[in-house]
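Dropping a structure here in C-alpha cells format, bear with me for questions.
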Amino acid sequence: MSLDTVFGLHAVESLVRSEPDSVLSIQVQEGREDKRLSKLLNLVQQTNIKLEHVPRKTLDTLVSGRHQGVVAVIKAEAEKTEGDLEDILQGLSVPPFLLILDSVTDPHNLGACLRSADAAGVHAVIVPKDKSAPLNSVARKVACGAAEHVPVIRVTNLARTMKWLQSYGIWITGAAGEAESNIYQTDFKGSIALAMGAESSGLRRLTREHCDQLTKIPMVGSVSSLNVSVATGICLFEALRQRSNDIG
C-alpha cells in the first residue's frame, strides 16, 4: 500500500472530519500545546486514528513545508480517470460545473485552485496527466481540505476529453487575454466547464481550439496578467454569481 501525507492544522482537521478512514496515523510535535492543536486532538480522540507524539525533526523529514506541528499519514488514493468523470456527471442532479486546468505545474497553484473550486461549487477538476502538478502534500495543505471534497480527474488526452464533454452537452469557456468578451459579458449558466491555462503561457493551442468560446478578466492596472489561482478564483465566482439564481 502506497502512503502519502497531509500536513498543517486546518488541512489535517478537515481530513479527519471528512475521511477519517483514510488516515493511518497522525503525528504531533512533542511539547506543542495550544488551543488549535487541542481542538484537533479532541477530534482525533473521537476516532480510531492512531496518534503519535514525535520530535519536530521527525515531522521535518516527513514533509517539505510548514507542517505546524502535525502530519497525517494517509493511504494514497488511486488517481481518478475519464471513467470516474462520467460517473460523476451521471450522478449529478444539477447542471455540471467543471474546471479544466491546463499545464498548471505548481502544487501551490493547484491547491489554491482546488480551494476556490470547492468554495464555488465545482463538481470536478480536470487536469492532463502530463505537465500538471501532482496532488501531493503541498497541494493538499494549500487546498485546506478541498482536495478531499473536489475530485481531481487526470486524463491522458485533454483535447479528446474536452471533445467528449462537448458531446455530453457541456459548453467550454477558455480564459485568454486576447478574448473579445470579458467574464461579466460571458454566460456561465447551464452545463459548463471553465478552462484555465498556466500563468506564463496560458492555454495551449489545442486546448484553446477545443473551447466553445473565450473570455477574459478586464484589467485596468499596469500588470499584464494574474497568478493562475487568483484568475481562476475570479472567474469561478463570477460563474457562481450567475448560476446562483439557477441553484437557489
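None of the figures in this text is laboratory data; all of them are computed from the coordinates on show. What you are looking at is a predicted structure, and each value in this text was computed from that prediction instead of being measured. In this analysis, Cβ positions are derived from the backbone assuming ideal geometry, glycine residues included, and neighbour counts consider all displayed protein chains.
What 222 nm value per residue comes from the helices of the chain, counting each DSSP H run with n ≥ 4 as -39,500 (n - 2.57) and dividing by all residues, nearest 500 deg cm²/dmol?
-11000 deg cm²/dmol
In whole Hz and in residue order, list the ³J(HN,Hα) couplings for segment 156-167 that follow from phi through the Karplus curve 6.51 cos²θ - 1.76 cosθ + 1.60, θ = phi - 60°; x for Gly and Pro.
Result, rounded to whole Hz: 6, 10, 5, 4, 5, 5, 5, 5, 5, 4, 5, 5.
Here's something else I'd like to know. Which ordering of C211, C113 is given by a fewest-first count of other beta-carbon atoms within 10 Å?
In increasing order of surrounding Cβ atoms, one gets C211, C113.
Restricting to the chain, what percent of DSSP beta bridges are antiparallel, rounded to 5?
Antiparallel: roughly 30 percent of the beta bridges in the chain.
Classify segment 142-232 from the C-alpha gyration tensor, please: rounded if a/c falls under 1.5, else prolate or oblate depending on whether a/b exceeds b/c.
oblate
Here's something else I'd like to know. Which one of N48, N182, N136 has the biggest mean-square fluctuation once the chain is modelled by GNM with Cα springs under 10 Å?
Taking springs between Cα atoms under 10 Å, the residue moving most is N48.
How about K141: which lysines have a C-alpha closer than 25 Å to its C-alpha, ignoring those fewer than 8 places off in the same chain?
Partners within reach: K35, K39, K50, K57, K75, K80, K129, K131.
Test of understanding: in a Gaussian network model of the chain with alpha carbons linked when under 10 Å, which of V155, V104, V223 would top the mean-square fluctuation ranking?
Highest fluctuation among the options: V223.
If the cut-off is 17 Å between C-alpha atoms, which lysines fall inside it for K216, apart from same-chain ones fewer than 8 positions away?
In chain and number order, the partners are K189.
Would you pull out the residues with amide H under 5 Å of E30's amide H, same chain only if 5 or more places away, H placed 1.01 Å from N?
Excluding prolines and chain starts, which carry no amide H, the hits are V54, R56.
Follow-up question, since we're still on this one. Treating only the Cβ of Lys, Arg, Asp and Glu as charged (+1, +1, -1, -1), what charge dipole size does the chain show about its Cα centre? Round to the nearest 20 debye.
Computed charge dipole of the chain: roughly 420 debye.
Let me know the shape class of segment 1-140, please: from the alpha-carbon gyration tensor, a ≥ b ≥ c as square roots of the eigenvalues, rounded when a/c is under 1.5, otherwise prolate if a/b is greater than b/c, or oblate.
prolate
Over the chain, with a Gaussian network built from C-alpha contacts below 10 Å, which listed residue (L15, L92, L59) shows the highest mean-square fluctuation?
Checking each option, the largest mean-square fluctuation is seen for L92.
Using the Karplus equation 6.51 cos²θ - 1.76 cosθ + 1.60 (θ = phi - 60°), what ³J(HN,Hα) coupling, rounded to whole Hz, does each residue of segment 29-39 give in order, writing x for Gly and Pro?
Residue by residue, segment 29-39 yields 5, 4, x, 7, 9, 7, 5, 5, 5, 4, 4 Hz.
Restricting to Cα pairs below 8 Å that are 6+ residues apart, what does the relative contact order work out to for the chain? Please round to a whole percent.
20 percent
Moving on to the next point. Return D84, D187, D34 ranked ascending by Cβ neighbour count within 10 Å, so the fewest neighbours appear first.
Least to most surrounded, the residues fall as D34, D187, D84.
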